[in-house]
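The values are calculated or read from the model by the stated rules, or taken from the named source; none is laboratory data. The model shown is predicted, which means the values in this text are computed figures rather than measured ones. We place every Cβ from the backbone using ideal geometry, glycine too, and count neighbours over all the protein chains shown.
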Amino acid sequence: MALRKPKLAVWKFSSCDGCQLSLLDCEDELLAVAGAVEIANFPEASRAVLKGPYDLSLVEGSITTPHDAERIHGIRRASKFLVTIGACATAGGIQALRNFKEVKEFISIVYARPDYIETLKKSTPITDHVFVDFELRGCPINKYQLVEVISAFLNGRKPNTPLHSVCAECKQRGTVCVMVARGTPCLGPVTQVGCGAICPAYDRGCYGCFGPKETPNTSSLSSGWTQLGVRERDLMRAFRGFNAYAEPFRRESEAHEK
Amino acid sequence: MKSRTIKVDCLARVEGEGALVVKISGNQVTDIKFRIFEPPRFFEAFLRGRRFDEAPDITARICGICPIAYQMSACHAMEDAFGVKVMGPLRALRRLIYCGEWIESHALHVYLLHAPDFLGYEDAIRMAKDHPQEVQRGLRLKKAGNGIVSLLGGREIHPVNVRVGGFYKVPSKRELSTLTEELKWAREAALDTVRWVATFSFPEFERDYEFVALRHPDEYPFNEGRLVSNKGLDISIREYEQYFLEEHVAHSNALHSRLKERDAYFVGPQARYSLNFDKLSPLSQEAARAAGLGKTCRNPFQSIIVRSVELVQVCDEALRLIDQYEMPDGPAVKVEPRTSTGYGCTEAPRGIVYHRYRMDDRGIILDAKIVPPTSQNQKTIEGDLWQFVPANIAMQKDKLQWRCEQAIRNYDPCISCATHFLKLQIETE
């Protein structure tokens, strides 16, 4: 009897589609991945939809509407493993900037007829709503980490994705520290690795798109930035980016909001 | 103050999940609604209070498929506001990174998203079983485009190297020339693409569209030019809001755009092509002619050929830019913020994307307006269906459904999943 191929599903909530596009950006691996699994639901790539249950669900995007807050439960029930991909799904994304303001005001700024719009007050990560088996960080995620996570789950092992700071990756690349050597403010010391430490390699400071690393010392980094002449408002903005609602970044941005 | 801002900022970002409802009563189509139900994300609202130099990175997150388009429009708007012009090699590098995005985005759409419709497959992965060479070619082309974006931008999606005034770091001539070999292959592959898609069969379908695109005196348009149409529009980017209007309709979370004087219009490859045929390189023109295209293309189903011709164009252009590149003295022009308003409009792979920002003296954004291509095409997409469905009403329901989906995919709506996530209902009363 032939072995049944595991069913892979990709689900989208509020997002830019970039993280699921990462799967299609695996130009060299795409057909191999597609050969190892049965793609059961991946609207960005296919109009075919197969019924659940699914062996692995990849969830992109944050929860921002009452309908989506319901929908995620159905997906959880139909999935053996549920992995969230990207800053929207793991931290609420850039659209979580609404969480710091009054959302009604936001709606009226953008839409002429606010009564047509249905939205929740906050943009929240998937893990606030259902149990999540694994969170893959990044805005956007790293496609090689994505392939690693897929193969790990399909083979019943833990994904090998490090949790330390971007600084380690800069050292591995041989990038001279932009903060120490040039006085460029950098979020690298408190940000999780995974991107490949690209910003410092391109002569700019990290802007935190992989979110807080394990036990980040954000206030110490803020003092360092202050010594470089960064003002309070700019510190607040720096922590209030693509992972603004991730707890350590949220607290730090609020500490500088006056 | 509040009521004034409501009036000024009646704008949505668009993209994502769409649905289509077609209602048929007897032999009459009674209603068609192309609905975008992507949850709103309020970019224009939370851009307020951010610094001008954050706009390129923040607005990139509107779309994972065409982040460069948002970065370019944001940069140009900011530079317009602060009276800065980016010239010479920096300007050329911007064109080059845009070439990369067009190649990546067009190859994705032509091979992975649109071609399966013509050949009758649910997706490219299934298509790859019967057409492995073509799908492999599409993936490699896409990778060639991503190669440019990665080298210049640091990564394919949400690149980190673009900034107001230029870049954070510029490549050496030698680094850039590592792209040449693969792009030479890509140019040949793009020519093969045109030949391949020209063999598809296309429904007989034409409409008298108003095409809107940028037009530049010397170049096929990317970042600069005047906004023109085939029905007499010829304006500077700053005049955009005097001529175009956005409306909020109940069935969509995307605002519908229209021309104040004439209603619906059409942006994207077909509009660019039809308004700028004379600016295509000789190689691209020849490929278009050989594929049977005229100087204007009014059949939206043939957009796949036009997109493929543009693939030839940008591979050709990328090679030219790399060949002529000389490393600039610095990676960026200095930018000093001041109280001002700036306007930017560039050609995303799927059509014009317009940005307008107002800043205070420290460069803090006071308000922002962004009009993406898909919201501009929404009305035209619905118009196509109003003509297409009645003409094909005898078609079997499943077949008609697929054709309607294909008609929407003609426009490569930003986030193609918008159309691949289509929930099409045909209600027969």
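Which residues, taken from the stretch A:1-39, are in a strand (DSSP E or B), of a type outside the set (Asp, Glu) and farther than 16 Å from A:SER62 by Cα?
A:LYS7, A:LEU8, A:ALA9, A:ILE39
Which condition from (1) small (Gly, Ala, Ser); (2) surrounded by fewer than 19 Cβ atoms within 10 Å (Cβ to Cβ); (3) within 10 Å of chain B (Cβ to nearest Cβ) is the one that A:GLY74 breaks?
All conditions pass for A:GLY74, except number (3).
So for the stretch B:308-316 (the condition being modelled with pLDDT under 95, at negative phi and of a type outside the set (Phe, Trp, Tyr)), does at least one residue qualify?
no
For the subset of the stretch B:56-78 comprising residues that are out of contact with any Leu (no Cβ under 9 Å at 6 or more places or on another chain) and β-branched (Val, Ile, Thr), which member is nearest to the other protein chains (Cβ to nearest Cβ)?
First pass over the stretch B:56-78, keeping only residues out of contact with any Leu (no Cβ under 9 Å at 6 or more places or on another chain): B:56-57, B:60-63, B:66-78.
Now drop any that are not β-branched (Val, Ile, Thr), which leaves B:62, B:68.
Working: B:ILE62: 6, B:ILE68: 12 Å.
The selected residue is B:ILE62.
Keeping to the stretch A:40-50, report how many residues are under 15 Å from A:GLU60 (Cβ atoms) and outside any strand (DSSP E or B).
Within the stretch A:40-50, the subset under 15 Å from A:GLU60 (Cβ atoms) is A:41-45.
Imposing the further condition that a residue be outside any strand (DSSP E or B) reduces the set to A:42-45.
So the answer is 4.
Being surrounded by fewer than 21 Cβ atoms within 10 Å (Cβ to Cβ) and away from chain B (no Cβ under 13 Å): is that true of A:LYS213 here? Walk me through how you get there before you give the answer.
Values: surrounded by fewer than 21 Cβ atoms within 10 Å (Cβ to Cβ): no; away from chain B (no Cβ under 13 Å): yes.
So A:LYS213 fails the test.
Considering only the stretch A:1-18, how many residues are more than 7 Å from every other protein chain (Cβ to nearest Cβ) and at pLDDT 90 or above?
Here is the first cut: in the stretch A:1-18, the ones more than 7 Å from every other protein chain (Cβ to nearest Cβ) are A:1-11, A:13, A:15.
Adding the requirement that they be at pLDDT 90 or above leaves A:5-11, A:13, A:15.
Count: 9.
Which pairs do you get when a residue that is free of Cβ contacts under 8 Å to residues at least 12 places away in the same chain and facing chain B (nearest Cβ under 7 Å), found in the stretch A:21-45, comes within reach of a residue that is of a type in the set (S, T, N, Q) and not in a loop (DSSP other than H, G, I, E, B), reach meaning Cβ atoms under 6 angstrom, with the pair 6+ apart or on two chains?
none
With (1) surrounded by fewer than 21 Cβ atoms within 10 Å (Cβ to Cβ); (2) in contact with a strand residue (DSSP E or B) (Cβ under 7 Å, 6 or more places away or on another chain) as the list, and B:CYS345 as the residue in question, which single condition is left unmet?
(1)
Since A:VAL149 meets every condition but one in (1) among the β-branched types (Val, Ile, Thr); (2) touching a Pro at 6+ places or on another chain (Cβ under 6 Å); (3) assigned to a loop (DSSP other than H, G, I, E, B), which condition does it not meet?
(3)
Of (1) in a loop (DSSP other than H, G, I, E, B); (2) closer than 23 Å to B:ALA60 by Cα; (3) small (Gly, Ala, Ser), A:GLY229 satisfies all except one. Which?
(2)
Pairs, please: C-beta under 6 Å, at least 6 apart or cross-chain, first residue on the phi < 0 side of the Ramachandran plot and in the stretch A:147-163, second acidic (Asp, Glu) and exposed (fewer than 14 other Cβ atoms within 10 Å of the Cβ)?
Listed pairs, sorted by first residue: A:LEU163/A:GLU214.
Within the stretch B:391-400, can one find any residue that is of a type in the set (S, T, N, Q), part of a helix (DSSP H, G or I) and farther than 30 Å from B:VAL335 by Cβ? Break it down into steps so the answer makes sense when it comes.
Keep residues of the stretch B:391-400 that are of a type in the set (S, T, N, Q), which gives B:392, B:396.
Right, trim to part of a helix (DSSP H, G or I) and you get none.
No: the stretch B:391-400 contains no residue that is of a type in the set (S, T, N, Q), part of a helix (DSSP H, G or I) and farther than 30 Å from B:VAL335 by Cβ.
Within the stretch A:88-102, can one find any residue that is farther than 30 Å from A:LYS121 by Cα and charged (D, E, K, R)?
Filtering the stretch A:88-102 for residues farther than 30 Å from A:LYS121 by Cα gives none.
The answer is no, given that none of the residues of the stretch A:88-102 is farther than 30 Å from A:LYS121 by Cα and charged (D, E, K, R).
Take the residues in the stretch A:48-67 that are surrounded by fewer than 21 Cβ atoms within 10 Å (Cβ to Cβ) and farther than 14 Å from A:LYS7 by Cβ; name whichever of them is nearest to the other protein chains (Cβ to nearest Cβ). Steps first, please.
Narrowing the stretch A:48-67 to residues surrounded by fewer than 21 Cβ atoms within 10 Å (Cβ to Cβ): A:48-53, A:55, A:65-67.
If we keep only those that are farther than 14 Å from A:LYS7 by Cβ as well, we get A:65-67.
Working: A:THR65: 5, A:PRO66: 10, A:HIS67: 9 Å.
This residue is A:THR65.
So, B:ILE6, is that one within 24 Å of A:ALA96 (Cβ to Cβ), assigned to a helix (DSSP H, G or I) and at pLDDT below 80 or not?
On the way: within 24 Å of A:ALA96 (Cβ to Cβ): yes; assigned to a helix (DSSP H, G or I): yes; at pLDDT below 80: yes.
It is true that B:ILE6 is within 24 Å of A:ALA96 (Cβ to Cβ), assigned to a helix (DSSP H, G or I) and at pLDDT below 80.
Can you tell me which residues in the stretch B:22-44 are modelled with pLDDT of 80 or more, more than 12 Å from every other protein chain (Cβ to nearest Cβ), surrounded by 15 or more Cβ atoms within 10 Å (Cβ to Cβ) and touching a Lys or Arg at 6+ places or on another chain (Cβ under 9 Å)?
Passing the criteria: B:VAL22, B:LYS23, B:VAL29, B:ILE32.
Within the stretch B:369-399, track down each residue that is β-branched (Val, Ile, Thr) and farther than 14 Å from B:ILE32 by Cα.
B:ILE370, B:VAL371, B:THR374 - these are the residues of the stretch B:369-399 that are β-branched (Val, Ile, Thr) and farther than 14 Å from B:ILE32 by Cα.
Keeping to the stretch B:141-174, report how many residues are part of a helix (DSSP H, G or I) and either buried (at least 21 other Cβ atoms within 10 Å of the Cβ) or more than 7 Å from every other protein chain (Cβ to nearest Cβ) (or both).
Within the stretch B:141-174, the subset part of a helix (DSSP H, G or I) is B:141-153, B:173-174.
Filter once more, keeping what is either buried (at least 21 other Cβ atoms within 10 Å of the Cβ) or more than 7 Å from every other protein chain (Cβ to nearest Cβ) (or both): B:141-142, B:144-153, B:173-174.
Number of matching residues: 14.
Are any of the residues in the stretch B:112-134 surrounded by fewer than 19 Cβ atoms within 10 Å (Cβ to Cβ), within 14 Å of chain A (Cβ to nearest Cβ) and touching a strand residue (DSSP E or B) at 6+ places or on another chain (Cβ under 7 Å)? If you could, list the steps in order and put the result at the bottom.
Applying the first criterion (surrounded by fewer than 19 Cβ atoms within 10 Å (Cβ to Cβ)) to the stretch B:112-134 yields B:118-120, B:122, B:126, B:129-130, B:132-133.
If we keep only those that are within 14 Å of chain A (Cβ to nearest Cβ) too, we end up with B:118-120, B:122, B:126, B:129-130, B:132-133.
In the following step, the residues that additionally are touching a strand residue (DSSP E or B) at 6+ places or on another chain (Cβ under 7 Å) were identified as B:122.
Yes, that holds for at least one residue.
Looking at B:VAL110, B:VAL86 in this structure, which one is among the β-branched types (Val, Ile, Thr) and closer than 30 Å to B:THR339 by Cα? If you could, list the steps in order and put the result at the bottom.
On the way: B:VAL110 fails: closer than 30 Å to B:THR339 by Cα.
After ruling out the rest, the residue left standing is B:VAL86.
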